[in-house]
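Peer 1: Just passing along the structure, written as structure tokens.
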């Protein structure tokens, strides 16, 4: 692994990009924003990964930015949770972590509730579109 990392690091002559390799510790290994956790049964669950130096500092709600920018911060954090975390109880813990961090940055509860509701509605609409597309394809195939 070390030779591969050393080789990849020679590709960028400016030295602006540096690759590192991680070793598994306590049946866990970070990869980008994801923490892969090896379970006792051999399966893997995924969690959101934050470096030890991460501070949970996000755009302060009291700042002079448009509301849609502030809601986008929430949306990004929640979508990361929903797309990465594989177990429901872990997803709930991650949502609680996000909510706590955002409260510390001045976000009122209604903002998080609004983004969650928007996310659910978007998911339902996307699912309905998929079902409609499948139904249309099946109908076309049956009537050819």
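The values are calculated or read from the model by the stated rules, or taken from the named source; none is laboratory data. These numbers come from a predicted model, not from an experiment. All Cβ positions, even for glycine, are placed from backbone atoms using ideal geometry, and neighbour counts span all protein chains on display.
Peer 1: In the range 59-115, what count of residues is obtained for those that are under 19 Å from the mean Cα position of the chain (by Cα) and part of a loop (DSSP other than H, G, I, E, B)?
Peer 2: The qualifying residues number 4.
To keep it simple, each residue is scored yes or no on (1) at pLDDT 95 or above; (2) closer than 24 Å to residue 82 by Cα; (3) out of contact with any helix residue (DSSP H, G or I) (no Cβ under 6 Å at 6 or more places or on another chain).
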{"position": "4", "(1), (2), (3)": "no, no, yes"}
{"position": "15", "(1), (2), (3)": "no, no, yes"}
{"position": "18", "(1), (2), (3)": "no, no, yes"}
{"position": "21", "(1), (2), (3)": "no, no, no"}
{"position": "26", "(1), (2), (3)": "no, no, yes"}
{"position": "31", "(1), (2), (3)": "no, yes, yes"}
{"position": "45", "(1), (2), (3)": "yes, yes, yes"}
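Peer 1: Another one. Among 45, 52, which is the only one that is assigned to a loop (DSSP other than H, G, I, E, B) and either surrounded by 10 or more Cβ atoms within 10 Å (Cβ to Cβ) or without any contact (Cβ under 8 Å) to a residue 40 or more places away in the chain (or both)?
Peer 2: 52
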